[in-house]
Amino acid sequence: MGYLFLLLRSVAMCTKHPGFHEEKEWRIMHTRGLDDQGALTLDVEPVNGIPQPVFKIPSKDHAQSGMLGISIPDILERVIIGPTQYPLAVYDALVIELEAIGVKDAATKVVYSNIPLRT
């Protein structure tokens, strides 16, 4: 059962819709009680109004675990918005937030997805 769980977890995390093939994101798998916490921090946040434990990756250097050069300004190449009903509002908000954390030329790094919104 344990191996089946690990297989299904890996398949779920590594399967991607072909419409997003251009994205080269990192995916982190962490299961509380199964994986080492490492540099992750545990917080409680509401998700859809329900308080839940959420593990976070600090976006700053963590020399003890070898995580260096991982701040958002250091690693961000671009942000793809969408599909969404409000791309302009999301664009404005993202540019403001990215500039606030020190991302240079944030307005040129945020782009729209041409995948249509399906509701």
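The table for this structure:
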{"quantity": "Subset of region 72-86 [surrounded by 11 or more Cβ atoms within 10 Å (Cβ to Cβ) and either basic (Lys, Arg) or touching a residue at least 24 places away in the same chain (Cβ under 8 Å) (or both)]", "calculated": "Ile72, Pro73, Leu76, Val79, Ile80, Ile81, Gly82, Pro83, Thr84"}
{"quantity": "Hits in region 46-69 (condition: assigned to a loop (DSSP other than H, G, I, E, B) and either among the hydroxyl-bearing types (Ser, Thr, Tyr) or without any contact (Cβ under 8 Å) to a residue 12 or more places away in the chain (or both))", "calculated": "Asn48, Gly49, Ser59, Lys60, Asp61, Gly66, Leu68, Gly69"}
{"quantity": "Among the residues listed as Gly33, Gly38, the single one being part of a loop (DSSP other than H, G, I, E, B) and within 24 Å of Ile72 (Cβ to Cβ)", "calculated": "Gly38"}
{"quantity": "Residues that are loosely packed, with under 10 Cβ neighbours inside 10 Å and either more than 15 Å from Ile28 (Cβ to Cβ) or at pLDDT 90 or above (or both), drawn from region 54-67", "calculated": "Ala63, Gln64"}
{"quantity": "Within region 77-90, considering residues that are outside any loop (DSSP other than H, G, I, E, B) and in contact with a Phe, Trp or Tyr (Cβ under 7 Å, 6 or more places away or on another chain), the one nearest to Ile115 (Cα to Cα)", "calculated": "Ile81"}
{"quantity": "Test result for Ala39, exposed (fewer than 10 other Cβ atoms within 10 Å of the Cβ), out of contact with any Asp or Glu (no Cβ under 6 Å at 6 or more places or on another chain) and over 20 Å from Leu94 (Cβ atoms)", "calculated": "no"}
{"quantity": "All positions within region 87-106 that are surrounded by 13 or more Cβ atoms within 10 Å (Cβ to Cβ) and in contact (Cβ under 8 Å) with a residue 12 or more places away in the chain", "calculated": "Pro87, Tyr91, Leu94, Val95, Leu98, Val103, Ala106"}
{"quantity": "Considering residues of region 1-30 that are among the aromatic types (Phe, Trp, Tyr) and in a helix (DSSP H, G or I) only, the residue most open to solvent (accessible area, probe 1.4 Å)", "calculated": "Tyr3"}
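The values are calculated or read from the model by the stated rules, or taken from the named source; none is laboratory data. Treat the numbers as computed from the prediction; the structure is a model and nothing was measured. Cβ coordinates were reconstructed from backbone atoms using ideal geometry, including for glycine residues, and neighbour counts include every protein chain displayed. Side chains are part of the model used for accessible areas, which takes the heavy atoms of the whole protein and leaves out ligands, DNA and RNA. Shrake-Rupley method; radii C 1.70, N 1.55, O 1.52, S 1.80 Å.
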